[in-house]
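Have a look at the structure below before the remarks.
The values are calculated or read from the model by the stated rules, or taken from the named source; none is laboratory data. Keep in mind that this is a model prediction, so the values were computed, not measured. When we count neighbours, we look across all protein chains shown, and the Cβ atoms used for this are built from the backbone with ideal geometry, even at glycine. All accessible areas refer to the heavy atoms of the entire protein, side chains included, with ligands and DNA or RNA removed. Shrake-Rupley method; radii C 1.70, N 1.55, O 1.52, S 1.80 Å.
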Amino acid sequence: MRLFAAVLPPEDVAAELAACVAELKKLPGAGALRWTGRPGWHYTLAFYGEVDDDVVPDLSDRLYRAAHRTPPFALAVAGGGQFGHGRALWAGADGDLDTLRLLADRVEAAARKAGLRMGEHRRYKAHLTVARSRDAVQVRPYVALLTEFASRTWTVGELALVRSSLPTSGVPGEQPRYEVVGRWELGAAG
């Protein structure tokens, strides 16, 4: 399974972001970007890649413990930016980013302890990808609009383990499919 750990925004927050993205899509050159769909909006905490089925139970136990040790925290989708000269356009985050980073560190450590190869550790940068491009794209006007965006603040209360299935049909614009395969309450007694 191709897996990652994530924080998922609630539906009303995703709707707020969708309204902003609808405005971005009206800007000149928007057709050069591949826009992600609402089902794929998430803050990836750690990307695990292909995980053998026999490792998933141990990983899940460790993710439960990481969630259990992390208190619920406030978060909002806010601001934005780009990576790779416009190859990725993203919405940022605001709120208790220290706890979000702590959770990201814990879910990365959980994977390492479960035997997954995680590569070099990098400081976590909260971002929710809204569009991608294969080529460098001038995204300054998009980033300017995203910089002004802020959703309502919500309390993050759970950690999700998500399976992603890449498109296989070859149909242009087909999006990956995402399925939550595990959820753990933050700060849960147990």
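Within segment 1-50, the set of residues being part of a strand (DSSP E or B) and more than 16 Å from Leu128 (Cβ to Cβ) comprises Arg2, Leu3, Tyr48, Gly49, Glu50. The residues in segment 133-178 that are open to solvent by 90 Å² or more (accessible area, probe 1.4 Å), at pLDDT below 95 and in a strand (DSSP E or B) can be counted, and the count is 1.
Taken together, Ala93, Ala126 contain a single residue that is outside any loop (DSSP other than H, G, I, E, B), surrounded by 14 or more Cβ atoms within 10 Å (Cβ to Cβ) and at pLDDT 90 or above, which is Ala93.
Looking at segment 12-54, which of the residues that are closer than 18 Å to Ser165 by Cβ and of a type in the set (A, V, I, L, M, F, W, C) is nearest to the chain's Cα centre (by Cα)?
Initial filter on segment 12-54 (closer than 18 Å to Ser165 by Cβ): 34, 36-42, 44, 47-53.
After this cut, where a residue has to be of a type in the set (A, V, I, L, M, F, W, C) as well, the list is 41, 47, 51.
Numbers: Trp41: 6, Phe47: 9, Val51: 18 Å.
Ranking the qualifying residues of segment 12-54, first place goes to Trp41.
Scanning for something open to solvent by 10 Å² or more (accessible area, probe 1.4 Å), at pLDDT below 95 and farther than 22 Å from Asp12 by Cβ, does segment 56-78 turn up at least one residue? The answer is no; no qualifying residue exists. So which pairs qualify, if the first residue must be in segment 1-15 and under 15 Å from Pro72 (Cβ atoms) and modelled with pLDDT of 95 or more, the second must be in a helix (DSSP H, G or I) and open to solvent by less than 10 Å² (accessible area, probe 1.4 Å), the Cβ gap must be under 8 Å, and the two must be at least 6 apart or on different chains? Note: pairs meeting the criteria are Val7/Leu100; Val7/Leu103; Pro9/Leu17.
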